[in-house]
Amino acid sequence: MLTDDLITRIEAAVPALDGRAKEAADLAELVRRKALPQAAVTVFVLPLGLRPRSEGDAAAGAFTQMLDETVGVLLVVRAAGDASGSRALPRIGELVDALIAAIAGWGPDGAIGVFRVARGQLLSAEAGAVMYQLDFSIQRQVRNLA
């Protein structure tokens, strides 16, 4: 799965996140418990969905369509004793730069395209944690024979 490939890439290419990359199920459990990650820095890799790049083409008994698959990389930096999270912002900036350098322009084996940055945004800076999400998209192709 694409998220597994990204977790492997992040942990290999960003030393500060080695052993700190988690799946969507891990985030869902934290949300269920209304808790923050225990580690000072954690990243969650989340499948965000597919968007068509074209309407598709049906010809000669085959259907093809280009898609963009988007994956979110949610960075959580704990900021103990800093309710506003302002002291964590420089660390967030460093990690965002490292994630972009590790992922943008890279694609897993067998992929048609490479990841590109779709967007990035600060989600929250409160309750002792700063959360920043980067979204990356990669091109995929659907091929179905009739």
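Specify the residue that is farthest from residue 136 (Cα to Cα); the eligible residues are those in the range 30-49 that are free of Cβ contacts under 8 Å to residues at least 12 places away in the same chain and open to solvent by less than 70 Å² (accessible area, probe 1.4 Å).
By that ranking, first place goes to 35.
Being closer than 18 Å to residue 4 by Cβ and either among the aromatic types (Phe, Trp, Tyr) or in contact (Cβ under 8 Å) with a residue 12 or more places away in the chain (or both): is that true of residue 114 here?
Against the criterion (closer than 18 Å to residue 4 by Cβ and either among the aromatic types (Phe, Trp, Tyr) or in contact (Cβ under 8 Å) with a residue 12 or more places away in the chain (or both)), residue 114 qualifies.
Of the numbered conditions (1) under 19 Å from residue 112 (Cα atoms); (2) touching a Phe, Trp or Tyr at 6+ places or on another chain (Cβ under 8 Å); (3) of a type in the set (A, V, I, L, M, F, W, C), residue 24 fails exactly one; give the number of that condition.
(1)
Out of all the residues in the range 77-100, is one or more assigned to a strand (DSSP E or B), within 16 Å of residue 128 (Cβ to Cβ) and at pLDDT below 95?
Looking for residues that are assigned to a strand (DSSP E or B), within 16 Å of residue 128 (Cβ to Cβ) and at pLDDT below 95, one finds at least one in the range 77-100, hence yes.
Among the residues of the range 50-73, are any farther than 27 Å from residue 142 by Cα and either among the aliphatic types (A, V, I, L, M) or modelled with pLDDT of 90 or more (or both)?
No, that holds for no residue.
What's the total number of residues in the range 1-25 that are surrounded by 14 or more Cβ atoms within 10 Å (Cβ to Cβ) and without any contact (Cβ under 8 Å) to a residue 60 or more places away in the chain?
Residues in the range 1-25 being surrounded by 14 or more Cβ atoms within 10 Å (Cβ to Cβ) and without any contact (Cβ under 8 Å) to a residue 60 or more places away in the chain: 7 in total.
For the range 72-110, give me each residue that is closer than 22 Å to residue 24 by Cα, open to solvent by 30 Å² or more (accessible area, probe 1.4 Å) and not charged (D, E, K, R).
98, 100, 104, 106
Yes/no matrix, rows are residues, columns are (1) farther than 25 Å from residue 119 by Cβ; (2) of a type in the set (Val, Ile, Thr); (3) over 14 Å from the mean Cα position of the chain (by Cα):
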| position | (1), (2), (3) |
| --- | --- |
| 8 | no, yes, no |
| 14 | no, yes, no |
| 19 | yes, no, yes |
| 28 | no, no, yes |
| 46 | no, no, no |
| 75 | no, no, no |
| 102 | no, no, no |
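Six or more apart or on different chains, Cβ under 6 Å: which pairs go from a residue in the range 57-78 that's at positive phi to one that's at pLDDT below 90? Could you list them?
Hits for this filter: 61/146.
Looking at (1) out of contact with any Asp or Glu (no Cβ under 9 Å at 6 or more places or on another chain); (2) open to solvent by less than 70 Å² (accessible area, probe 1.4 Å); (3) closer than 30 Å to residue 128 by Cβ; (4) among the aliphatic types (A, V, I, L, M), can you tell me which one residue 62 breaks?
(3)
Could you look through the range 118-146, keep only residues that are loosely packed, with under 14 Cβ neighbours inside 10 Å and not in a strand (DSSP E or B), and pick out the one that is modelled with the highest pLDDT?
127
The values are calculated or read from the model by the stated rules, or taken from the named source; none is laboratory data. Keep in mind that this is a model prediction, so the values were computed, not measured. Reconstructed Cβ throughout: ideal geometry from the backbone, glycine too, with neighbour counts over all protein chains shown. Calculation scope for accessible area: heavy atoms of the full protein, side chains included, ligands and nucleic acids excluded. Shrake-Rupley method; radii C 1.70, N 1.55, O 1.52, S 1.80 Å.
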